[in-house]
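What follows is a single structure, written as structure tokens, with notes after it.
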Amino acid sequence: MPLEAQKCELSHVTVFRSLFLQEANTQIRHNACHERGWSDSYLLSLEGTPVGYGSVKGQDVPDRDTIFEFYVSPSHRKWASPLFQKLIAASAVKFIECQSNDSLLQSMIFEFSKNIHSPVILFSDHASTNLVVPEVVFRKKLQGDVLFKHRHEPEGSHIIVTKEEVVATGGFMLHYNAPFADLFMEVKEDARKRGVGSYLIQELKRECYLAGRVPAARCNIENMASRATLLKAGMKIAGFMLIGTIR
């Protein structure tokens, strides 16, 4: 059975990528790689008929060493493994990176790679919360607001103020596949461990829904404080980023 993986323009796989996003129904962490020109696309064919696609990015932006998306139409999915082998050969990649909630690519990472590890936890919304932190105000950031020095996250669109001091900022990024958005926040060091972060996430979730988006989030797997903050605010673990080296 003639199988082929051929490099192509992104526009040639748009239909299959729409089917991939519909089937996944979750935030795709590396979604923006396509529109930013950080990926290569491969059309997968069976006897000359297109049946799916693969996407390759770099562990560093200029490189193209990692398969990070893979889709085969359900009616041709029995050919997924040999098509993936063709994709590996055509792209000459070294790594596979996938979300554990992407069942098809997850099966490929276990079949075709080794030394699999997870650096990142993925979160989705799970429950409404009614957290209250005394003497704090959640509001939009204004032009004259004085912010603390940020070390990890960008300055957000919303802030937490207590006693006229900004002690936390946050927002949500919209460059993910609709309708999902990525929550982020940072709390001033001397204001941590008071529930401010979880309260901020709770309020950002509400703003996110009002903007017509579904909140999602992620954090480093070793960042226990961020994990606890997100869970307390009603998020749940939705999956893990997995990275493996091609066998």
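Numbers for the structure displayed
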quantity	calculated
Distant-in-sequence amide H partners of LEU122 (H built 1.01 Å from N, under 5 Å)	ALA238, GLY239, PHE240, MET241
Coil-residue GluC sites (Glu not before Pro) of the range 34-72, DSSP, other Cβ within 10 Å capped at 15	GLU47
Interchain or long-range residues, amide H under 5 Å from VAL214's placed H	PHE180, ALA181
Rounded if a/c under 1.5, otherwise prolate or oblate - the range 3-93, Cα gyration tensor axes	oblate
Partners for LYS140 among aspartates and glutamates (Cα-Cα distance below 19 Å; same-chain residues under 8 apart left out)	GLU153, GLU155, GLU164, GLU165, ASP182, GLU186, GLU203, GLU207
Cross-link partners of LYS236 among lysines (Cα-Cα below 25 Å; sequence separation of 8 or more within a chain)	LYS188, LYS193, LYS205
Euclidean distance of C-alpha centroids, the range 203-247 and the range 39-53, integer Å	32
Highest-MSF residue in the chain out of ASP102, ASP125, ASP145 [GNM, Cα springs under 10 Å]	ASP145
For the range 143-152, 3J(HN,Hα) per residue [Karplus equation, 6.51 cos²θ - 1.76 cosθ + 1.60, θ = phi - 60°, Hz, x = Gly/Pro]	4, x, 5, 9, 9, 6, 6, 8, 10, 10
Listed residues PHE70, PHE148, PHE184, most fluctuating in the chain (Gaussian network, C-alpha, under 10 Å)	PHE148
Of LEU105, LEU19, LEU122, the one that fluctuates the most in a GNM where the chain has Cα springs shorter than 10 Å	LEU19
For the range 163-176, Karplus couplings with θ = phi - 60° (6.51, -1.76, 1.60), whole Hz, Gly/Pro x	6, 6, 10, 6, 10, 7, 9, x, x, 9, 8, 10, 8, 9
Cα-Cα over 27 Å, subset of LYS57/LYS232; LYS86/LYS114; LYS7/LYS94	LYS57/LYS232
Part-to-part distance (alpha-carbon centres) for the range 57-94 and the range 178-202, which is given in Å	35
From phi via Karplus (6.51, -1.76, 1.60), per-residue ³J(HN,Hα) for the range 77-88 in Hz, x at Gly/Pro	5, 5, 9, 4, 5, x, 5, 5, 4, 5, 5, 4
Folded to 0 to 90 degrees: helix 14-24 orientation relative to the chain principal axis, Cα	60
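Taken together, the values in this text are just the output of simple stated rules run on the coordinates, not laboratory data. Note that this is a predicted model, so its numbers are computed, not measured. All Cβ positions, glycine included, derive from the backbone under ideal geometry; neighbour counts span all protein chains shown.
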